[in-house]
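The values are calculated or read from the model by the stated rules, or taken from the named source; none is laboratory data. This one's a predicted model, so the numbers in the text were calculated from it and none came from an experiment. Cβ sites come from the backbone with ideal geometry, for glycine too, and all protein chains shown count toward neighbours.
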Amino acid sequence: MRIGLRWWGTGLLVALAVAWWLVTDIRRATATLAATAQTGVSSDVAPLRATLVLSLGEQIFKTSDFGGGGASRHPLFGSLPRGVIREHQALRELLRKQNVRVLDVRDVLNSAIRNARRQGKLADWIKQTFPATAQEALLRSETLDADSILNFRDDHFYARTPDGLFDPLFPGLPSMYWARDFAISTPKGILIGNGQYYRRSLENAAARLIFRFADELKPFPIVFDAAQEGVHLDGGDTIVLDEKTLLLGVGNRSSREAAAKLAQKLQLDVLAVAMPPADKQSGLNRQLLHLDSIFNLVDKNKILAVPFFLEKRFNENNPLKPLLLGLAAQMDAMRAAQPEREMSRPDDVRLTVEVMPQVGWVTKYEAGSGKATPLNLKLVDYFRERGYQVVYVGGEQGALPLDKYVTERAMYELRWQGANVVQLRPGRVIAYEHNQHTNDALRRAGVEVLTFPGELLSINNGGPHCLLMPLVRGDQ
C-alpha cells in the first residue's frame, strides 16, 4: 500500500511538473513574441524572427477535397504525394538552423480551441464555419481538437451517416500548409485574408480563431478582416515594402477594392499591381497566381522578378507573343486536319496573349484617403527608377537564342516557383533547389541562397514564400 501511495505521489508530482513546464513554456513563448512583436513585419526583407507553418503529416493521406477552385478535382483524388512530408521537414530544419522561431498551426489551433471552449465561443465558431456538419460536430464538442479540424484523426474523419454514407466531421483544410495566404502580419497588426474559394475561406476562419484565442498569438491584434470588409485578399498577393507601404497584387485572387480599404483602414500607402484579370480566365491566371509567384524583394535594393510581364518595354513586343500565337495557329491547323480528334482549344492561348499587356501596372492608393493614382509604370519599372537591381527568374538570356531562353529558362522556372523565395534577412533567401538558373542569378547578384528539395511541393503551384506566415521580422 505504501509503495502504491509512494508511486501515486511521485506520479502526481511528475504530472504537476509537466503541467508547470507546459504553462511556463507557453508564457515564455508569449513573452518572447510580445517582446519582438511591436512592429510585426516592418519589411519583407527584415530579419525573420518568428513564423507560423502548418507541418505536413498523415493528414495528406485523407482527402475529401471539394470547392478548392479546380473544376478537374475529384473529391477522393486530391491528396498530396508522400514526399511532400520530407520536403516540408527540410524547410523546417533550414529555419531551425537559421534560429527562426517556428510555431505550428496545429499547436496554436489547439490552444485557440481550448480557450474558445472555455470562454463559450467554440460552438458559435463551429456553427458559422462548418454549418453543414456543425450539428454532429457539436455532439462531440468536448473531444474536438486541432487534429479533428485538420483531418489527422481517423475517428472524426471516417464517420458515417445513419444510412451508411461517408460523412467526415470536417471537410479539412488541405491547402492550409500554404501558410502565407490565410493571414498577413504588417506594421499595423494582422490582416485576416478572405479566399475566393470555399475551402480556402475555411483557412481564413481558422486564422480568425487562432489570432483571437491562441495564447501564443495574443501579442498580434487583428486590424483588418477581409471577409468583414467584403473583399477578397490572399497573403500571397501581399508584400510589406516598408513601415509605410504595402504591395498588393489585384485582379486575380485579391480584389482591387481591397487596396483602397487597406489604405484607408491601416493608414498605409498601397501599391496595387495588376494581375491577370479574373473575368478573363486563361492559363495566365494560374501561372501568375499571386504577386509572390512573379515578384519578391530579396535585399534592401534588389528584387527578383519574372521577365516580360512587369516592364513597359515589353508591352508591345513581348517575346511570348509570337510563341503563343504560333502555337495557336498550329492548333488551328491540327484541328482542321483531324476534326474528329479531341484536342486543346487555341482560344485559351489567344486569350493569354490578349491579357498579357494588362499585367504589372501599378496604381497607388494613398494612406488614409484611399485615393487612387495610376503611376503609368509597371512594377519592375517602379523599382528600377528607385535604384533597385533587378534579378530575373531564369537568369539572364546571355548567348541563348531568345525562344530557347523564354521557354527553357524564364517560363520553365516561373512554372516551378523560381520567383517564390522567402527572405531570411536582407540578402539571404530560401529557395527550391531545382530552380538552378534563378538561384545562380541571385548568387551572382550577391544574394545568399539556401535551398531545399521542393519538386513535389511545387507541383501545386507554391514555393517557400507561400509556405510561411511570417509573424515577426526586424532587428529586435
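Checked against the criterion of being touching a Phe, Trp or Tyr at 6+ places or on another chain (Cβ under 6 Å) and not hydrophobic (A, V, I, L, M, F, W, C), the candidates Gln358, Gln397 yield just one match: Gln397. Using the structure shown, decide if Val223 is in contact with an Asp or Glu (Cβ under 8 Å, 6 or more places away or on another chain), of a type in the set (Val, Ile, Thr) and surrounded by fewer than 23 Cβ atoms within 10 Å (Cβ to Cβ). No; evaluated as a whole, the condition is false for this residue.
Please verify whether Leu284 is aliphatic (A, V, I, L, M) and within 25 Å of Glu354 (Cα to Cα), treating the condition exactly as stated. For Leu284, the condition - aliphatic (A, V, I, L, M) and within 25 Å of Glu354 (Cα to Cα) - is met.
Listed here are the residues, each with its yes/no results for (1) on the phi > 0 side of the Ramachandran plot; (2) modelled with pLDDT under 95; (3) of a type outside the set (D, E, K, R).
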{"residue": "Phe308", "(1), (2), (3)": "yes, no, yes"}
{"residue": "Lys312", "(1), (2), (3)": "no, no, no"}
{"residue": "Gly326", "(1), (2), (3)": "no, no, yes"}
{"residue": "Glu342", "(1), (2), (3)": "no, yes, no"}
{"residue": "Ser369", "(1), (2), (3)": "no, no, yes"}
{"residue": "Ala372", "(1), (2), (3)": "no, no, yes"}
{"residue": "Lys378", "(1), (2), (3)": "no, no, no"}
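Number of residues in the range 145-186 that are under 14 Å from Gln59 (Cβ atoms), aliphatic (A, V, I, L, M) and not in a helix (DSSP H, G or I) equals 4.
Filter the range 423-476 down to residues that are β-branched (Val, Ile, Thr), in contact (Cβ under 8 Å) with a residue 60 or more places away in the chain and part of a strand (DSSP E or B), then give me how many there are.
Looking only at that region, the number is 3.
Among the residues of the range 78-136, the ones that are of a type in the set (A, V, I, L, M) and either in contact with a strand residue (DSSP E or B) (Cβ under 9 Å, 6 or more places away or on another chain) or closer than 30 Å to Leu450 by Cβ (or both) come to 13 in all. Does the range 411-425 contain any residue that is of a type in the set (Gly, Ala, Ser), at pLDDT 95 or above and surrounded by fewer than 20 Cβ atoms within 10 Å (Cβ to Cβ)? The answer is no, given that none of the residues of the range 411-425 is of a type in the set (Gly, Ala, Ser), at pLDDT 95 or above and surrounded by fewer than 20 Cβ atoms within 10 Å (Cβ to Cβ).
One residue stands out in the range 266-323 among those that are charged (D, E, K, R) and within 28 Å of Arg428 (Cα to Cα): the one that is surrounded by the most Cβ atoms within 10 Å (Cβ to Cβ), namely Asp292. Test Ala207 against the criterion of being in contact with a strand residue (DSSP E or B) (Cβ under 6 Å, 6 or more places away or on another chain), part of a loop (DSSP other than H, G, I, E, B) and either under 26 Å from Ser79 (Cα atoms) or among the acidic types (Asp, Glu) (or both), and give yes or no. The answer is no for Ala207. With respect to the numbered conditions (1) polar (S, T, N, Q); (2) farther than 26 Å from Glu366 by Cβ; (3) free of Cβ contacts under 8 Å to residues at least 60 places away in the same chain, which one is the sole condition not fulfilled by Asn252? For Asn252, the exception is condition (2).
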